[in-house]
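Notes follow the structure.
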Amino acid sequence: MNSNFDILISFRTPSGFKVCAQYFLGRDPELAETVFAGLSGKDDISDNAVLHLDLVETRDELPVKVKTIGCRLSELCANCQHITRELFRANAISAGEDHPF
């Protein structure tokens, strides 16, 4: 049974949260956990949180939220940069090479 991992970015609207972006992290649960653990924000989501980032595991075509954090817009910018950097490292850089980013 294979799982896929995604990070969904949502913002609050009058009718509820709407997904505005999605990062596919792949099938590696350790990579997904590592990437999500490096995000900025608060995991004690309050009713005031405008932006949510959700780690979602999809198994047998059924998505399940694993973790959620709330963040500010300035944190979202840094989080998108972090996710992109980690995905690049995991997929494009050979193990053992030393890169400045």
Could you list, ordered by first residue, the pairs with Cβ atoms under 9 Å in which the first is in region 18-31 and among the basic types (Lys, Arg) and the second is not in a loop (DSSP other than H, G, I, E, B), at least 6 apart or interchain? 18/10; 18/11; 18/12; 27/3; 27/4; 27/5
Identify, from the list 90, 49, the residue that is in contact (Cβ under 8 Å) with a residue 12 or more places away in the chain and part of a loop (DSSP other than H, G, I, E, B). 49
For residue 32, indicate whether it is assigned to a strand (DSSP E or B) and under 21 Å from residue 87 (Cα atoms). no
Restricting region 1-36 to residues that are more than 11 Å from the chain's Cα centre (by Cα) and among the β-branched types (Val, Ile, Thr), the residue that is farthest from residue 89 (Cα to Cα): 13
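Computed from the coordinates by the stated procedures, all read-outs in this text should not be read as laboratory data. No experiment lies behind these values; they were computed from the predicted model shown. Here Cβ is always computed from backbone atoms with ideal geometry, including for glycine, and neighbour counts include all displayed protein chains.
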